[in-house]
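The values are calculated or read from the model by the stated rules, or taken from the named source; none is laboratory data. Remember, predicted model here, so these are calculated numbers, not experimental data. Here the Cβ positions follow ideal geometry from the backbone for every residue, glycine too, while neighbour counts run over all protein chains shown. Surface accessibility is based on the protein's heavy atoms, side chains included, excluding ligands, DNA and RNA. Shrake-Rupley method; radii C 1.70, N 1.55, O 1.52, S 1.80 Å.
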Amino acid sequence: MKSASTASESQVRRVVGDLLDPELHHTFAALQMVREVRIDRRGRASVRIALTTRGCPMTENIRAAVVQAVRGTGIDRVDVSFDVMSEEERQAAADVAVPVHGLGAAPAPAVYAIASGKGGVGKSTVAANLAVALATHGKRVGLLDADVWGYSVPQLFGVRHSPVVLNGRMLPVRAHGVSLMSLGFFVKENEPIVWRGPMLHKALSQFVTETHWGDLDVLVLDLPPGTGDVTLSVLELLPDAALVAVTTPQAAARTVASRVGAMAREVHMPIAGVVENMAELICAHCGSQTPLFGSGGGEELARELGTPLLGRIPLDVQLRQAGDAGVPVVLSAPRSGSALTLSDIAARLRPVRRPLVGRQLGLTPVSSNPR
């Protein structure tokens, strides 16, 4: 063990200052979070950190990171205490972490709206795993959980804390390499949402316009099932979204999914492709494949919509276990049949831009003979 004299207070301040805040993704030094560093004559280090909010859900993560960093200098005994930033300090941190521009200031990301005609077809699981798979391919990915009544992103990603709000903007919750926003972050677990349309529209509008998404390459939308007003509200807010229709093989799911495709045509929304989920049941013991819900529904829907069938995802035990554990299957069991297919679908996704037909271009006519 190194003696306490091998590390000075300035060295400890430097290594702690180089740590990244787990929510703001800037260094402690840049955010001015390192309030005090002391090393007493017995070699014990005391570090005081200023948090952006009282009751910060990442406090213990920060404590553990500080202790590990200080011990790396040769000091084994470390005390970490916390303060809360003043309003002026919060504003200074916001100026670093949250520039005034939001989604749309940078080049527009590719936007994929994951939709289904009915619930229970695994649409949210598909959306979550596609987002993570795209992130593992090096993309900067956001996932907006617009399934306001059946929100499941908090469960699928294993996160429950609320987003940080700085400079009048919400910072998405980060998990498994993806920036997340969900109404589920603002309510207690299992609490129902009983809001009416105008309140939901306002909340979704805030998720789009008042969230600091940063410079995304891809934004994935988990839409509610069907063709209701919430779906239309989201598509009005993000008119460049391309539809990815999720169905299961049986006729009942395919028929209602075709209505989502009809809605897309009506609002001149491009369709990026069809995903067939639960295509086959893979036995966990012998590996045999059983078409539990029939076959051909995804191919038929793709033909009907005139779009590619992006993939047929099998139903295996790893997919179910991943949803329960809060770690998407493309990370928790990347060699499973479901994970391999989901990763392949993510690799096949291509941006599809909305045509100009039916769009307001915002053009102002000018006189051909100006005076």
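Structural remarks
- Segment N167-T209, length gained on full extension (0.36 nm per residue, minus Cα span): 13.8 nm
- Förster-model FRET efficiency, 30 Å R0, D76 and R54, C-beta, rounded to 0.05: 0.50
- Choice from I282, I49, I39 showing the highest fluctuation, given a GNM over the chain with Cα pairs closer than 10 Å: I39
- Taking amide H as placed 1.01 Å from N in the peptide plane, the amide H of V173 sits under 5 Å from that of L180, each at least 5 places away or on another chain.
- Think of each Lys and Arg Cβ as +1 and each Asp and Glu Cβ as -1; about the Cα centre, that makes the dipole of the chain roughly 460 debye.
- Cα gyration tensor, segment 204-350 - rounded (a/c under 1.5), prolate or oblate: oblate
- Once the gyration tensor of the Cα atoms in segment 30-151 is diagonalised, the equivalent ellipsoid follows with semi-axes of 40, 19, 15 Å, ordered largest first.
- Anisotropy class of segment 271-346 from Cα gyration tensor, a/c 1.5 cut: oblate
- Within a Gaussian network of the chain (alpha carbon springs, distance under 10 Å), most fluctuating of A242, A131, A333: A333
- Listed residues R160, R90, R71, most fluctuating in the chain (Gaussian network, C-alpha, under 10 Å): R71
- Its alpha carbons give segment 109-262 an Rg and a Dmax of 14.6, 49 Å.
- With 0.36 nm allotted per residue and the present C-alpha distance subtracted, the R41-R320 stretch has 95.0 nm of extension available.
- Surface exposure of segment 238-352, expressed per residue as accessible area with a 1.4 Å probe, stands at 43 Å².
- Taking a straight Cα-Cα cut-off under 14 Å and skipping sequence neighbours fewer than 8 places away in the same chain, the aspartates and glutamates within cross-link reach of K118 are D147, D222, E276.
- Whole-number D in µm² s⁻¹ for the chain, Kirkwood Cα-pair radius fed into Stokes-Einstein, 20 °C, 1.002 mPa s: 94 µm²/s
- The portion of the accessible surface of the chain made up by carbon and sulfur, rounded to a whole percent, is 52 (1.4 Å probe; DNA, RNA and ligands excluded).
- Estimated from helical segments only, the mean residue ellipticity of the chain at 222 nm is -10000 deg cm²/dmol, where each DSSP H run of four or more residues counts as -39500 (n - 2.57).
- Cα-projected label distance for E9 with A64, points at 7 Å along beta-carbon direction, nm: 3.0 nm
- Ordering M181, V275, V67 by Cα displacement along the dipole of the chain toward the positive end leaves V67 in first place; charges were set at the Cβ atoms of Lys, Arg (+1) and Asp, Glu (-1).
- Gyration tensor verdict on segment 150-216 (Cα atoms; rounded if a/c is under 1.5, prolate if a/b is larger than b/c, oblate otherwise): oblate
- Listed residues F293, F186 arranged by accessible area, highest first, probe 1.4 Å: F186, F293
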